[in-house]
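The values are calculated or read from the model by the stated rules, or taken from the named source; none is laboratory data. Fair warning: this is a prediction, and the values are worked out from it, not measured in the lab. Using ideal geometry, Cβ is built from the backbone for each residue, glycine included, and neighbour counts are taken over all protein chains shown.
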Amino acid sequence: MLRGESLAADDGALGVDASAPDADHGARWSDGLRAAWENWVRSLEAIEEKSPHTVRAYADDTRGALDRLNKALGHAIEARDLDEGAVKAWLSFQNARGDAPRSVNRRLAAMRSFLRYLARRGWIERDPTILIRGLRTGRRLPRFLPEEELARLLDGAWEDSPRGHRDHAVLELLYATGMRLSEMTGLRRDALDLRSGTVRVLGKGRKERVVLFGDKARSALQSHLAVLRASGAPAAGPLFPGPSGRPLSSRTVQRITDRHLRRMGRAGGHSPHALRHTFATHLLDHGADIRAIQELLGHASLATTQVYTHVSIEMLRRGFDAAHPRAR
């Protein structure tokens, strides 16, 4: 069995990034482990109904972990090699290297899912991660945008072109609904109801929900749809098609968001998720019920939504500290 000392000490053998796929893994895993891993990856989408993005992330994280463990062993890794000592040593190496705790915990979650699968299928006696806890992480408050800045962007001048109308509609809809990036890219035109101001989205776990949008988003969407009709695009196609007619990729929507937020004078690095955080924070600031926000965001647990109460408290604290003569 693999021991923690050999894994943590072998710096040279462990230079591969833990989250990066290794195209040669099949030659260095046993045939049985490779087949089990491939079946598990297929089950994530087919049975557990995880999103394609989550499936890719889990596959990459576990593949990197198994390749790393394999190099420490020095022979083709098998399921029985995946014991508690191996997992702890893999975690210790990442921690010693200075990897962010959130990244380490994300990789552990992927490995935990795979090892539980192996235990259920009888490949290993038990899940070796049962007693393993993730690393402690501090609370990271969501990044959001001030109302005034976002209003100046959305109400400002937009390029009068197909791309300009599309980009405006993308940002208006993201802010109006708080939907996830994966939900945005999966939208089709027949899911949109301009009259009622609603759109049906397919969220995590393939759960469908209806989200709302207002007049500003409706106007931007009408302009975008008029351009699509003029171009002869089919009525039932993607709401935001790319040049090939297929839905815009997540990377393209990320670039659209980042490019236009830079126009506000914001530094780079803002993702579409920043508009989701902004949506929730602004609703809460204006008195919306937190359970209504939970429903609109598609959160399974209210605890996930409650992070936005901390955002508002932080804003109040900064205002209090700046204004009250005895705050400091």
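Within the stretch 68-94, residues that are under 20 Å from Gly122 (Cα atoms) have Cβ atoms under 6 Å from residues that are among the charged types (D, E, K, R) in these pairs: Ala76/Arg28; Gly85/Arg3, counting only partners at least 6 apart in sequence or on another chain. For the residues Leu82, Leu108, Leu91, Leu66, the requirement of being under 27 Å from the mean Cα position of the chain (by Cα), within 14 Å of Leu33 (Cα to Cα) and hydrophobic (A, V, I, L, M, F, W, C) singles out Leu66. Taking the stretch 1-91 and the helices (runs of 4 or more DSSP H) fully enclosed by it, the elements with 2 or more residues that are modelled with pLDDT of 85 or more are at 31-46, 52-73.
The residues of the stretch 290-302 that are surrounded by fewer than 18 Cβ atoms within 10 Å (Cβ to Cβ) and modelled with pLDDT of 85 or more, listed by number, are Arg291, Ala292, Glu295.
Yes/no per residue for (1) crowded, with 22+ Cβ neighbours inside 10 Å; (2) within 22 Å of Leu131 (Cα to Cα):
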| position | (1), (2) |
| --- | --- |
| Arg28 | no, no |
| Asp31 | no, no |
| Ala36 | no, no |
| Asn39 | no, no |
| Ile47 | no, no |
| Lys50 | no, no |
| Val55 | no, no |
| Ala72 | yes, no |
| Leu82 | yes, yes |
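When Met111 is tested against (1) of a type in the set (A, V, I, L, M, F, W, C); (2) closer than 22 Å to Arg42 by Cα; (3) touching a strand residue (DSSP E or B) at 6+ places or on another chain (Cβ under 8 Å), exactly one condition is not met: (3). State whether one or more residues within the stretch 169-187 are surrounded by fewer than 18 Cβ atoms within 10 Å (Cβ to Cβ) and in contact (Cβ under 8 Å) with a residue 40 or more places away in the chain. The answer is no; no qualifying residue exists. Screening Leu154 on (1) touching a strand residue (DSSP E or B) at 6+ places or on another chain (Cβ under 8 Å); (2) at pLDDT 90 or above shows it passes everything except condition (1). Of all residues in the stretch 178-196, those satisfying the criterion of being touching a helix residue (DSSP H, G or I) at 6+ places or on another chain (Cβ under 8 Å) and over 19 Å from Leu275 (Cα atoms) are Arg189, Leu192, Leu194. Only helices (runs of 4 or more DSSP H) whose full extent lies in the stretch 178-285 are considered here, and the ones with at least 2 residues that are closer than 22 Å to Glu148 by Cβ are 215-230, 250-262, 272-285. Within the stretch 221-243, take every residue that is buried (at least 18 other Cβ atoms within 10 Å of the Cβ) and within 26 Å of the chain's Cα centre (by Cα) and give me the one that is farthest from Ala157 (Cα to Cα). My answer is Pro238. Residues considered: Ala230, Ala235, Ala191. Of these, the only one that is among the hydrophobic types (A, V, I, L, M, F, W, C) and without any contact (Cβ under 8 Å) to a residue 12 or more places away in the chain is Ala230.
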